[in-house]
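Working notes for the structure below.
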Amino acid sequence: MQNPKLLIAGVFLTVALPFGALLLSSQVQLGDLAPAPEEEGGALYPATVPGLAVQGRDVYTSLGCIACHTQQVRPSGQGSDIARGYGDRPSVARDYVLQSHVLLGDRRIGPDLANYGARVAPTPKGTQTEPEKAAALAKSLAAVHVAIHHGNTFAFLYEADAKGDFAPERADALAAYLLSLRQDYNSPEAKLKK
Amino acid sequence: MTQDNRSGRPQGRPSPGESRLSRVEAQLRGPFLLFFVSAVIWLLVASVLGLISALQLRGVSGEVFTFGHVSAAQHNLFIYGWAFNAFFAINLWLTSQLGRFELRNAWLVSLGAIIWNVALTYGALSIFAGDLNGFSLLEMPRTVGPVLAVAFLLSAFWPIVAYAQRPTGHSFASQWFVVGASFVFPLAYLLAQLLVLWNPASGVVQAIAHSWFIQNLLLLWLGGSALAAVYYFLPKVLGRNITGYYLASVAFWTFFLFAGWTGTASLLGSPIPVWVQSVGVVGSAMFLVSVIITAINFHGTLSTQSGWSLAWNSTTLRFISLGAVAFTLYGVLNALFSFRGFNAVVRFTSFSAGQEQLLTYAFASMVIFGSAYFILPRLTGSLWPSTKLVHLHFWATAIGALGSISASLAVGWQSGKQLADPAVPYAQVLTASAGLASASLIFAILFLVGHVAFALNAFGMILKSSAPAVEGRHD
């Protein structure tokens, strides 16, 4: 304790060791993961999402949805995520490789959304146009959130502003993003339960 | 400062300090007050935001004050605004007490304080404007990161300088903790900024980096700084040695050695390699060693010669011994709920918020309050204006902390149990935890009341004080 150099070198190691052992080696282990086909020669998953959905992810981050929603399904030994219908298989690292900023989340005030796009009911008869779909989804967001205790129904996403201008771009993008959330494919690391 | 420690000063006890405001203290008075006043202002802002988010303003449908914004801003301002500023101040002062330390460049420190708080203001406003990231305590726009890192170095690098320049001889446990904490944070912060925001690592590696960063921030910087203060004030105010002081260096090394490995225990079940998760579990269990030793040091000291009742009657120690107990509880709870079985129940519930509050509020903030009650009268040369406000502060914050933490833990456990049973519909879980929402309103009010009482008292004292002459004050 009497030698300052020793103390500082020791403290430096206490930062450097976990950094090297946990972070660098997981980067080595996971850094090369890429989308993989479900079966030989099939389409690659996770699929690239449309540009609108990428914009929608920014809306999701910007509105702080992550404060209440996670996007990860734990294996069945660890919690009841699969039994609750959040997904048919646990999430694996490969599911996230296309996301520049992952939005795993660490708090569930609302349900997990990792498979929201896969479980949301397909629109009746398939007659809706894209903007109608978005408006419907924005309204349904308002409907689920009206019942909860934090007051915000996100009505501003789909309601006309004071001047009567209706700008549904963000609602569209958010809807496209939410519908793109799905981990319902076989991955080399996790097969769907049949 | 006399720091000739070969003179047979008892081990396990900080230097007696001088009865007058030393020259060193006079030099750091300006920066100290700058940090301290900023800290208290941010504490008030964070408490108001806490109230807003607890109020469940149904009428508010606006975008700016949406829950995700308010809770992120509140969290960041509480940590970076209140706790960081406060520990910048306290660590500087501790350094001045423990070593031959001349703060010749006080203006650099003040510059650091200004940059820190301006950048933080910008960061918080950006969060409200919707420019935020999805990782907790890294929500502020990434441009803020490097600025905060520079400000941190200007504000908090001095303890390391002082320690490196110190004449050889005895050094005290508080010093090690301050030096370690000040050294670790900027490193971890910059690396996390790099891997999570600037040059994001591949996919979920970001989450691993983030969990590692959080433990460095909460345990090593906040926890380490707070432990330094406990190691200083307990023996100082009680006028006795730390029980089992020879163990303190083991506490220090185990604390720093294991804290960095505990982070990934918060990712149990997440899509990251299983071995990374297991390392976190083992790390949290090993971390218990340092918790046990600090418990022996602190509670041992308090348990001899009616230490507890002496502590109760000293405002400083009343807060600080509460904090010391909270740290022990935190360590035990953290180890216990890193085990997969328990963790599976409480993961994603309010439980982890309760755990974090145990560390950042019941431990770190209580220690800050206690330290302020000791240091401010010395630096300002006046007394705390109102004893009533001191009592109000203590009881409001202590009851608020106890209530809020136990509610988060209990409701987290309860809703975790319900969620574990897939037959229980989600709506029922929501109604069952609605009680937490109304309870948290009461606690938010208590916190605000306590903090206003503290602020009134502190600001009253600072305004009343004329800058004391260097030789001006006698204890």
Seminar exercise, completed: Convex hull around the C-alpha positions of chain B: the volume in Å³ per residue is 142 Å³
Seminar exercise, completed: Relative to chain B, whose Cα atoms define the longest principal axis, helix B:274-303 and its Cα axis are tilted in degrees, nearest 10, by 40 degrees
Exercise. Using Cα pairs under 8 angstrom and six or more residues apart, how large is the relative contact order of chain B, in percent?
Worked result: 17 percent
Problem set entry | Inter-centroid distance (Cα atoms) of the stretch B:195-253 relative to the stretch B:426-456, Å | 28 Å
Problem set entry | Close Lys-Lys pairs in the protein assembly as shown, where close means Cα under 30 Å and separation is 8 or more or interchain | 13
Seminar exercise, completed: Residues whose modelled amide H sits under 5 Å from the amide H of residue A:187, counting only those 5 or more places away in sequence or on another chain, are A:192
Problem set entry | Ratio of the Cα radius of gyration of the protein assembly as shown to 2.2 N^0.38 Å, where N counts its residues | 0.99
For this session: Report, as an integer, the average count of C-beta atoms from other chains found within 10 Å of each Cβ along B:131-139.
Result: 5
Exercise. For the stretch A:1-51, which GluC sites (Glu not before Pro) are both in a DSSP coil and crowded by at most 10 other Cβ atoms within 10 Å?
Worked result: A:39, A:40
Problem set entry | With all protein chains modelled, accessible area of residue B:464 [1.4 Å, Å²] | 130 Å²
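The values are calculated or read from the model by the stated rules, or taken from the named source; none is laboratory data. Not measured: the values here are computed from a predicted model. When we count neighbours, we look across all protein chains shown, and the Cβ atoms used for this are built from the backbone with ideal geometry, even at glycine. Remember, those area values only see protein heavy atoms, side chains included, never the ligands or the DNA or RNA. Shrake-Rupley method; radii C 1.70, N 1.55, O 1.52, S 1.80 Å.
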